[in-house]
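Report on the structure given below.
The values are calculated or read from the model by the stated rules, or taken from the named source; none is laboratory data. In this text, all values refer to a predicted model and were calculated from it rather than measured experimentally. FYI the Cβ positions are ideal-geometry reconstructions off the backbone, even for glycines, and counts take in every protein chain you see.
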Amino acid sequence: MSHTPHELHDEFPDDAETLHELKTGSAHFNKLSDKYHELNREIHRIEAGVEASSDARAEDLKKERLVLLDEIAAMISQAKAGAK
């Protein structure tokens, strides 16, 4: 089985507990997380040559993934600050 790079637990290795809390407690986080995973897997398929795509489309997907990652990172920071 091949590992898909850039999964959330790879991006935030020290925040597994916070990721779990957000996943179980926030519908908005779940939507972001699902969208992130969907995009990430599509990018991975394109990079692995499984799925054809133009370079422009691949770049757009990567930009969209970064926007989601920033929003997810902000939610993690906020959750951690609230937990203190």
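Give the residue that is farthest from the chain's Cα centre (by Cα), with candidates limited to residues of segment 25-57 that are hydroxyl-bearing (Ser, Thr, Tyr) and within 14 Å of ILE76 (Cβ to Cβ).
So, considering only residues that are hydroxyl-bearing (Ser, Thr, Tyr) and within 14 Å of ILE76 (Cβ to Cβ), the one farthest from the chain's Cα centre (by Cα) is SER26.
Could you please give the count of residues in segment 67-84 that are loosely packed, with under 11 Cβ neighbours inside 10 Å and hydrophobic (A, V, I, L, M, F, W, C)?
The qualifying residues number 3.
When the residues of segment 1-18 are filtered to those that are under 18 Å from LYS80 (Cβ atoms) and exposed (fewer than 11 other Cβ atoms within 10 Å of the Cβ), which remaining residue is modelled with the lowest pLDDT?
HIS9
For LYS62, state whether it is modelled with pLDDT of 95 or more and either among the basic types (Lys, Arg) or touching a Lys or Arg at 6+ places or on another chain (Cβ under 6 Å) (or both).
yes
Which is part of a helix (DSSP H, G or I) and acidic (Asp, Glu), of GLU51, GLU17?
From the options GLU51, GLU17, the qualifying one is GLU17.
May I ask you to list the residues in segment 22-40 that are part of a helix (DSSP H, G or I) and polar (S, T, N, Q)?
Passing the criteria: THR24, ASN30, SER33, ASN40.
Among the candidates GLU51, GLU21, GLU42, single out the residue that is among the acidic types (Asp, Glu), surrounded by 12 or more Cβ atoms within 10 Å (Cβ to Cβ) and in contact (Cβ under 8 Å) with a residue 24 or more places away in the chain.
GLU21
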